[in-house]
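Each remark here refers to the structure printed beneath this line.
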């Protein structure tokens with residue numbers, strides 16, 4: 001996370017961050033790292049700025065200069081978590097691979113990140129934190145995986161690898177932003193395909209959450225094979241398993 005903070009500072013100024021900015025970035029990283037440890041120990045609802053300050057040997061008043069409230073700290077953790085998840089998914093994607101393989105690889109990356117960071121995943125997709133409402137600042141990071149999956153869908157449509165559709169658009173059902181994210185406007189992506197895409201996107205997290213939170217106990221014997229089969233079924237739901245026809 002420190003490297004990310006340095007990158008933001010360097011990008012903001014167009015050069016090397018100042019010593020003061022480096023110190024601030026380092027302390028910010030220490031604070032968020034301590035907060036993540038609290039997530040693992042007490043959960044998001046019990047996250048406390050005072051406890052974080054105590055762990056770091058800081059005065060609470062000093063920590064408030066970095067995060068004025070618990071909600072500000074939660075927002076940073078949420079954005080960092082979504083960005084880390086999005087980065088893992090993006091690294092797993094090979095745009096030259098067939099659409100179904102891309103889809104399954106991205107889904108595996110989501111599951112892998114969740115298993116490696118269960119408490120951060122729970123912050124993103126578990127129970128809402130009482131009294132906290134995520135601001136709009138979290139939206140770009142939160143949609144990275146969805147946009148990536150939409151790119152796979154759009155690439156497949158443009159390559160002629162999706163079934164033909166009946167066309168049509170119900171503007172009262174799915175937002176313009178979602179349409180753009182889910183492959184954009186294309187004759188092979190109609191409202192029914194977009195509904196299936198949103199269903200598939202939510203099903204990925206539902207499957208990961210069921211596994212992570214123990215809801216498959218007694219039902220699934222081989223979690224790896226089950227996940228791959230389930231994600232492949234979602235790909236087929238969208239028509240991503242088709243082969244190009246003709247020359």
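The values are calculated or read from the model by the stated rules, or taken from the named source; none is laboratory data. Computed from a prediction, not measured in an experiment: that's the story for all the values here. Backbone-built Cβ (ideal geometry, glycine too); neighbour counts: all protein chains shown.
Pick out the one residue from 152, 195, 179 that is closer than 21 Å to residue 95 by Cβ and outside the structural domain of residue 47 (by TED's automatic domain parsing).
152
Quick one: which of 188, 235 is in the same structural domain as residue 147 (by TED's automatic domain parsing), at pLDDT 95 or above, touching a helix residue (DSSP H, G or I) at 6+ places or on another chain (Cβ under 9 Å) and under 15 Å from residue 162 (Cα atoms)?
235
Within region 156-168, can one find any residue that is modelled with pLDDT of 95 or more, under 27 Å from residue 79 (Cα atoms) and in contact with a helix residue (DSSP H, G or I) (Cβ under 7 Å, 6 or more places away or on another chain)?
no
So is residue 86 in contact with a helix residue (DSSP H, G or I) (Cβ under 6 Å, 6 or more places away or on another chain), under 23 Å from residue 39 (Cα atoms) and assigned by TED's automatic domain parsing to the domain that holds residue 198 or not?
On the way: in contact with a helix residue (DSSP H, G or I) (Cβ under 6 Å, 6 or more places away or on another chain): yes; under 23 Å from residue 39 (Cα atoms): yes; assigned by TED's automatic domain parsing to the domain that holds residue 198: yes.
It is true that residue 86 is in contact with a helix residue (DSSP H, G or I) (Cβ under 6 Å, 6 or more places away or on another chain), under 23 Å from residue 39 (Cα atoms) and assigned by TED's automatic domain parsing to the domain that holds residue 198.
Looking for whichever is surrounded by 19 or more Cβ atoms within 10 Å (Cβ to Cβ), under 20 Å from the mean Cα position of the chain (by Cα) and closer than 22 Å to residue 226 by Cβ here; the options are 73, 77, 85, 148. Which one fits?
Answer to the selection: 85.
Counting only residues that are touching a residue at least 24 places away in the same chain (Cβ under 8 Å), give me the helices (runs of 4 or more DSSP H) lying completely in region 16-114 with at least 2 of them.
By residue number, 19-42, 49-56, 70-92.
Tell me, yes or no, whether region 162-170 has at least one residue that is in contact with a strand residue (DSSP E or B) (Cβ under 9 Å, 6 or more places away or on another chain), more than 30 Å from residue 47 (Cβ to Cβ) and touching a residue at least 24 places away in the same chain (Cβ under 8 Å).
Narrowing region 162-170 to residues in contact with a strand residue (DSSP E or B) (Cβ under 9 Å, 6 or more places away or on another chain): 162, 165.
Within this subset, residues satisfying the condition of being more than 30 Å from residue 47 (Cβ to Cβ) are 162, 165.
Next, only the ones that are touching a residue at least 24 places away in the same chain (Cβ under 8 Å) stay: 162, 165.
Checking region 162-170: at least one residue is in contact with a strand residue (DSSP E or B) (Cβ under 9 Å, 6 or more places away or on another chain), more than 30 Å from residue 47 (Cβ to Cβ) and touching a residue at least 24 places away in the same chain (Cβ under 8 Å).
Any residue in region 108-126 that is modelled with pLDDT of 95 or more and farther than 30 Å from residue 46 by Cα?
yes
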